[in-house]
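A short write-up of the structure that comes next.
Every read-out reported here was derived from the displayed coordinates using simple, explicitly stated rules and does not represent laboratory data. These figures come from a predicted structure and were not determined experimentally. A quick note on method: Cβ atoms are made from the backbone with ideal geometry, for glycine too, and the neighbour counts reach across all protein chains shown.
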Amino acid sequence: MADHQHSQDSPISPEDLGDLKLGPIKEKSVGIPAVMAGFSDVVQYMNVADAAKTLFKLNQKGGIDCPGCAWPDPDDERSKLGEYCENGVKAIAEEVQKKTIDKQFFAKHSIAELIKWTDFELGKQGRITEPLMLRAGADHYEPITWRDAFQLIADELNALDSPDEAIFYTSGRTSNEAAFLYQLFVREFGTNNLPDCSNMCHESSGTGLSETVGIGKGSVTLPDIYEADLLIVMGQNPGTNHPRMLTALERCKENGGKIITINPLPEAGLMNFVNPQRPLKVFSGGTDLTDLFLQVKINGDVALLKAIMSLLWYEEKNRPGSVFDMDFIVEKTLGYEAFLDDLRKQDFNTLAEASGVARDKIKMAVEMIRKSQKIIICWAMGLTQHENGVDNVREIVNLLLLKGSIGKPGAGTCPVRGHSNVQGDRTMGIWDAPKPEFLDQLKATFGFEPPRKNGYGVVEAIKAMHNHQAHVFIAMGGNFVSATPDTNYTAQALRNCRLTAHVSTKLNRSHLVHGRQALILPCLGRTDKDTQRDGEQFVSIENSTGVVQSSKGILAPPSTKLLSEPAIVARMAMATLGEQSKVDWQLMINNYDHIRDAIEQVIPGFDNYNQQVREQGGFYLPNGARKQEFNTPSGKAHFSITKVPKNELQADEYIMMTVRSHDQFNTTIYGLNDRYRGIANERRVVMMNREDMAIAGILEKQVVNLVSNYNGKVRTARQFRVVPYDIPKRCVATYFPEANVLVPIQNIDQESKIPSSKKVVIKIVPVES
């Protein structure tokens, strides 16, 4: 029998280099090249009939919600040509692959062989068609019956000394119905150990917004974006990660709005958008989106925002009432005077230097903001994945409060969530720190006492497994080992478990980095028909603006041995809890209306859930900040005082951030070409400023190792090629997840506990040939 308990320093993914090709950086996004790229995947990986049926239903009212990003669909008429983007097509091609994986595949390919494959190769093997088990010491997965799989899970869970020794992870793709059942099972089992992907992306947004405006979600709707005078887009690359957002930005521009982009990298998707559904735009060269680009240093955002606000205050002091919305500030906020006292102490020149943005450009931004009455700030993980991620969000709110730009049409907060339904999962109770009111309603509805002690988030869960304090890991979707920080540390944590179990549609690296025993539980995808005792079912999803709508699969599943996510959760619960459970699990999965009835009883805002979700386009959840009703202890929005981060470096050090390529969605790799950045055939690259390269004597395409040293612990990412790029000096960028090995598990925002994947201090060491 093979021993897969590798050392902590052994690689869990291949380090071989491909034939790197570099081309020009694109200045325009989407257009005909995006159409061709998307449909190239359709032709290569899907059956044509399935593709046609699926794409015409994708993101349509009453259709299939895209399993990719969480960008909202239009409230009004949706495009009949296609309400989807290039990466949405690729996500569907990934899920509806014509290839399938069965027991013959795993009989042929061992774990030792598969772990040497790239993430791209693993993902393109096809849909998994039957439940699989890896026995202790074995080298190959083999089939297992669903009954035996659930019994194994039940035996391992019930053998624990405490329910807190189990970890129940959730990926953002999970539907409202599956997520609600999952947290219900976990809490009746007796723990709040419900880490989720929010802990690694927008937890800083939720923490900062809840404290300042009383709700951990954005306040804007899609029509607000159309109406804004000014959009400020920070730490985000929508052309790759949320391409349908570009249509909203285009509409804002055509309505007379302006856009300021703040980012270390100039991304094509924010510079110019060629709308492929508008022929005149295709032939005329598209729409210029960004009016002003502020190329901030990595983690220079607090300094930049303070610099902007200090100049705004100077203007306000000279012309009282002409810049700040003092009526709003007096009536709706707290902490203004203390905030202003701190702002007065800041030196503009020092702030500008810390931000890396030229003073004249900051002044241009100030003038645009001064003139604007309706301002929306959009942001993503470029702001949240820092040790000061919550402070980044607080400063965004400070600026909006000064302008009175929250809670009115065309104005507000817009954290752009990454994965479809990641926001809905939190609404459903997937959270390690649930509010007492939520637990009280669970008790009142189901009759059991849910645990009150906070559970583990992602970082705490990894540490608990690593320290042998947690022994069972169950993942509802996702690719945990690739999504998390400190890859080798996390891998060892998973290998310390007695059992790891993954609910999945296709093969990924987390199936290969496993506990003493491992299970793969194959589930239906969003596109698959879900038939239960009472007939075909649908599920529901919440998007980034708080709209809940239905999603119903239309394709025959690739195997009769697949179960839906709600059915998998219910059968786990029945096997584990047995007759002691207070929940009628079978009733829940016979007809998902029963799940939604329970959600309505437990969670505010879901009145008449089954009726509302059947309406075309769904319904909006309540959002106090949208109406200037701030659910804080004071009933008002709060100004915050933050510190400017000290980004100090030694002479041979750089600040590294991880980014996604264009051929990628989260941990799913669609291909090896980062088309907009001109990088092809290779993902192990480090993008570096040309002047820095010259100073360090590093050449284009030179092979280097990347080394981080955090509190004396040295971490190394080997075999990367250097790519000259337009990035601020002393800043570099690498792809996620290849560089996750460098992200220290200890380097987190102390409030949100989010890993600092966007600020890792590294050295670049040439590899001797």
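Quick notes on this one:
- Förster radius 22 Å - calculated FRET efficiency between residue 35 and residue 100 (Cβ-Cβ, nearest 0.05): 0.20
- Percent breakdown of C-alpha pair distances by 10 Å bin, ordered from the shortest bin, for the range 1-143: 9, 28, 28, 22, 11, 1
- Sorted on the mean count of surrounding Cβ atoms within 10 Å across their residues, most packed first, peptides 722-734, 319-331, 542-554, 268-280 read 542-554, 722-734, 268-280, 319-331.
- The range 104-238, Rg to Rh (Cα coordinates; Rh as Kirkwood inverse mean 1/r): 1.08
- Residues of the range 356-379 falling in the label zone of residue 327, defined by backbone nitrogen less than 19 Å from a point 7 Å along Cα to beta-carbon, are 370-375.
- Amide proton proximity set for residue 62, modelled H, under 5 Å, gap of 5+: 550, 617
- Extension gain, residue 765 to residue 631: 0.36 nm times the residue separation minus the Cα-Cα distance gives 43.2 nm.
- For the range 302-307, putting each phi into the Karplus relation 6.51 cos²θ - 1.76 cosθ + 1.60 with θ = phi - 60° gives couplings of 4, 4, 5, 5, 5, 4 Hz, in residue order, rounded to whole numbers and with x for Gly and Pro.
- Percent antiparallel among DSSP beta bridges (both partners in the chain, rounded to 5): 45
- Taking 4.7 Å between beta carbons as the limit, the unpaired Cys residues of the chain are 66, 69, 85, 197, 201, 252, 497, 523, 731.
- For the range 564-579, putting each phi into the Karplus relation 6.51 cos²θ - 1.76 cosθ + 1.60 with θ = phi - 60° gives couplings of 6, 4, x, 5, 4, 4, 4, 6, 4, 5, 4, 5, 7, 8, x, 6 Hz, in residue order, rounded to whole numbers and with x for Gly and Pro.
- If the chain linking residue 699 and residue 716 were pulled fully straight, counting 0.36 nm for each residue of separation and taking away their Cα-Cα distance, it would gain 4.1 nm.
- Whole-Hz Karplus values for the range 615-625 come out as 6, 4, x, x, 8, 8, 7, x, 8, x, 4 Hz, taken residue by residue from phi with 6.51 cos²θ - 1.76 cosθ + 1.60 and θ = phi - 60°; glycine and proline positions read x.
- Two-decimal log10 I(q)/I(0) for the range 240-343, as the Debye equation yields it once each C-alpha is a single scatterer, q = 0.11, 0.12, 0.14, 0.20 Å⁻¹: -0.53, -0.62, -0.77, -1.05
- Applying 0.36 nm per residue to the separation of residue 159 and residue 346 and subtracting their alpha-carbon distance, the gain on full extension is 61.5 nm.
- Ordered from longest to shortest, the equivalent ellipsoid semi-axes for the range 201-260 are 23, 14, 10 Å, each the square root of 5 times a Cα gyration tensor eigenvalue.
- Calculated mean residue ellipticity at 222 nm for the chain: -9500 deg cm²/dmol, from DSSP H runs with n ≥ 4 weighted as -39500 (n - 2.57), summed, divided by the residue count and rounded to 500.
- Over the chain, the ratio between the Cα radius of gyration and 2.2 N^0.38 Å evaluates to 0.91.
- For the range 406-516, the equivalent ellipsoid derived from the alpha-carbon gyration tensor has semi-axes of 29, 21, 14 Å in decreasing order.
- Inter-site label distance for residue 454 and residue 440 at 7 Å from Cα along Cβ, in nm: 2.0
- Simple label model, 7 Å out from Cα along Cβ direction - residue 75 to residue 650, nm: 5.5
- Whole-Å distance, taken between Cα centres, linking the range 617-678 and the range 425-488: 22
- Rg of the Cα atoms in the range 535-665, relative to 2.2 N^0.38 Å, amounts to 1.61.
- Equivalent ellipsoid, the range 466-606 (semi-axes from 5 times Cα gyration tensor eigenvalues, Å): 29, 18, 17
- The range 1-157, relative contact order in percent, only Cα pairs under 8 angstrom and at least six apart counted: 26
- Spacing of the two label points (7 Å from each Cα toward its C-beta) at residue 16 and residue 112, in nm: 1.7
- Principal axis box of the range 599-739, alpha-carbon based, largest edge first, Å: 64, 41, 29
- Rotationally averaged projected area of the range 723-768 (alpha carbon convex hull; nm²): 4.5
- In summary, the convex hull built on the alpha carbon positions of the range 692-769 has an orientation-averaged projected area of 5.9 nm².
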